[in-house]
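Contents: one structure, followed by commentary.
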């Protein structure tokens, strides 16, 4: 039941075994998040939708799974000096929380333009915040300096086998909670979540379809798939601030081989999806987290005959760190 | 394991058997709602809290359980002519939805000052809306006229054995999902939910403590318990528009005998609880629905030594029908 789904699977940074190990490792700490359904959204979408609510995960986003797996994978000597990351926020909060649970320091480099609620989350969980400039270069440089100063271990937000394995535990739960899912729609940014989800899901059911949901203004995964090689963008522009990262050398091969397609949506579609999450599902989901619903409701998905046989769709709602005022102000009232 | 918990139980409008029957009857239609937990809220409350999320119930509130049980209890001859109710909204939406599932008409009398989102819910679920004046007298008169005109069956929102039995299914699920609960906190209005919850919970575990949460500006249950008889108020004033109804002759004896205490909170505490639900739990809960959290965080509860041994507290979050704008505008920013 765990077929070798692709010839190159040996070379991936994670596999179904490392994902099952992660599940055991994080079980004492992570939430088994609920799956919600809605007849109203089903009739809007014309399909049966299952929503895996990672907005209810510890720390408010799926990121806790990977962070927890990474931190509890460290041996005691490594762990003592702490961990470092640069992150748009949810990974940072998750890493802070997991580090606190293990009793080690987490040094968090955050771009100074990150949403206030994300910074507050990091501090609430005991992370030690170091601000950088918004550019990826400044974030990396600042993180490297902290690494040198402290001897801590770098835990990237996506491009890391421990992270990919942790995020893959979403599939193990989801396919048990809703076993008739034939299609999974997952937000894509650095590719950590979708890599783990795809590896686990295709190991359990090789016929399952894996679709990435990506914002138009940060569509590096779409372009990478089209070009057949990692393609980075010179600039990104989207309300989905958690989806501005690019694929890395560990996530790209998995995305290349196991993600069936990338559905690109614009910010207006993302905001509409957030609104539906609030009004129909009664949950707070940030733009990056709501994009899976935006994808399934988009013309690009609905009018594509390739997807006419996607009947039971699992959507990962990935993060709930949205200021209420931001949500309200973004709506076209 | 199902003791005759009180000498007068024979005379109640429902019991553990009718609640178990309701569970079987509504199972094909109702959601088993998830239970959420939050370390952050636990540390604020100084206790372990379990949140039964009835805001995710079909129709957006626990009311669907009772409405569905009532409608599917009708024999075919009764059902054909449809059902009638007057309601502040959530029961109306629930009854419309349950009637639609059975393929019968639901005539819904709604006071014309009800929140827009509640009226929209009723219409969305196919209910036939008839507006009345805000007063309870006008609501009842209008409903009686509809009854005469149509021959439909009246389904009250609370004071009805079928409704009480349906709402009691919350306990059956909740105590299975979180078996260490020693105290249940439930919003009180007409008393339908807390009657069902108390009957089922005390049948399963006679030692369990049942506390009602009630708004200061509509504290008829508190006064009724103090006076030892049903006490109605000449006026009510609270943001919790779903908690303005009074106990009835069927719910009062159950509340009198099985509800251990009534915790009264003010509107400010209710709004703060809504905000915490949004910011920490990531869910949209209306004022009436959030009052259980308000109660557990209130001084009246925390400083009362009687409750020092309430360690594991189950809170029913009962409805999510809140306009985002209303939520945002109610916050002290």
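Bear in mind these aren't lab numbers, they're just calculated from the coordinates by the rules spelled out. Fair warning: this is a prediction, and the values are worked out from it, not measured in the lab. Virtual Cβ from ideal backbone geometry, glycine too; neighbours counted across all protein chains shown.
See the values below:
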{"item": "Average other protein chain Cβ within 10 Å of Cβ, residues A:58-68", "result": "1"}
{"item": "Packing-based order for B:290-296, B:210-216, A:218-224, A:230-236, using average beta carbon neighbours within 10 Å, highest first", "result": "B:290-296, B:210-216, A:218-224, A:230-236"}
{"item": "Mean separation of Cα contacts under 8 Å, 6 or more apart, over the residue count of chain A: relative contact order %", "result": "21 percent"}
{"item": "Counting all C-alpha pairs of chain B, share separated by more than 39 Å (%)", "result": "6 percent"}
{"item": "Distance in nm between pseudo-label sites at residue B:123 and residue B:229 (7 Å out along the Cβ direction from Cα)", "result": "4.5 nm"}
{"item": "Estimated 222 nm signal from helices in chain A, with DSSP H stretches of n ≥ 4 weighted -39500 (n - 2.57), rounded to 500", "result": "-13000 deg cm²/dmol"}
{"item": "Residue-span extension gain [residue A:260 to residue A:136] - 0.36 nm each, minus C-alpha spacing", "result": "41.8 nm"}
{"item": "For B:274-281, mean number of other protein chain Cβ atoms within 10 Å", "result": "3"}
{"item": "Within 10 Å of each Cβ in B:319-330, the average number of Cβ atoms from other chains", "result": "3"}
{"item": "Distances in nm from residue A:140 to the matching label points in the other copies, shortest first (labels 7 Å along Cα to Cβ)", "result": "7.4"}
{"item": "Between helix B:161-177 and chain B: long-axis angle, C-alpha atoms, 0 to 90°, nearest 10", "result": "40 degrees"}
{"item": "The stretch B:63-154 - percent relative contact order, Cα under 8 Å, separation 6 or more", "result": "32 percent"}
{"item": "Per-copy distances of the residue A:228 label point, shortest first, in nm (7 angstrom along Cα→Cβ)", "result": "8.9"}
{"item": "Label geometry 7 Å along the beta-carbon vector: residue B:124 inter-copy distances in nm", "result": "2.7"}
{"item": "Burial order of peptide ranges B:43-54, A:113-124 (average beta-carbon count within 10 Å, highest first)", "result": "B:43-54, A:113-124"}
{"item": "Residue list for the stretch B:245-272, given a label point 7 angstrom along the Cα-to-Cβ vector of residue B:330 and an amide N cut-off under 20 Å", "result": "B:245-246, B:263-272"}
{"item": "Segments B:141-154, B:261-274 sorted - mean Cβ within 10 Å per residue, highest first", "result": "B:261-274, B:141-154"}
{"item": "Between helix A:192-204 and chain A: long-axis angle, C-alpha atoms, 0 to 90°, nearest 10", "result": "60 degrees"}
{"item": "Cβ-derived FRET efficiency at R0 45 Å, residue A:308 paired with residue B:113, nearest 0.05", "result": "0.45"}
{"item": "Three-way shape label, the stretch B:63-154, alpha-carbon gyration tensor, a/c 1.5", "result": "oblate"}
{"item": "Cα-based shape type of the stretch B:246-309, given that a ≥ b ≥ c are square roots of the gyration tensor eigenvalues and the cut on a/c is 1.5", "result": "oblate"}
